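Reading through the structure tokens given below for one structure.
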């Protein structure tokens, strides 16, 4: 009886370890991209939520009508941002990869303003 319990516990921990590794490996193949999308109403959100999650490689989708963005988690071995943009176009929307909030355009000083920059 003691051996069966030990073997059962060993099998349980082995399976738990293997499944955790499989999950970690799957997450390694995933990336997130934020796309700016030309949506303007709740019907747009519903159309996007009803179509984009079924595109090959899409794992998760978060749509923000307020920000006009879609955050897509996808498998890098199955799709790409370019393919996702095409998927949006296929359902009637234009999409582009959103630049991060920390990215600022390079602004060259305008010497006609005594060295200060207008942004």
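Computed values, structure above
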| read-out | value |
| --- | --- |
| Count of region 32-52 residues which are under 13 Å from residue 85 (Cα atoms) and under 15 Å from the mean Cα position of the chain (by Cα) | 7 |
| Residue in region 30-50 that is at pLDDT below 80 and either on the phi < 0 side of the Ramachandran plot or surrounded by 10 or more Cβ atoms within 10 Å (Cβ to Cβ) (or both) present | no |
| Answer residue from region 69-119, given it is within 18 Å of residue 35 (Cα to Cα) and surrounded by fewer than 10 Cβ atoms within 10 Å (Cβ to Cβ) and is modelled with the lowest pLDDT among those | 104 |
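The values are calculated or read from the model by the stated rules, or taken from the named source; none is laboratory data. Values in this document were obtained by computation on a predicted structure and should not be read as measured data. Glycine also receives a Cβ, built like all others from the backbone with ideal geometry; neighbour counts cover every protein chain displayed.
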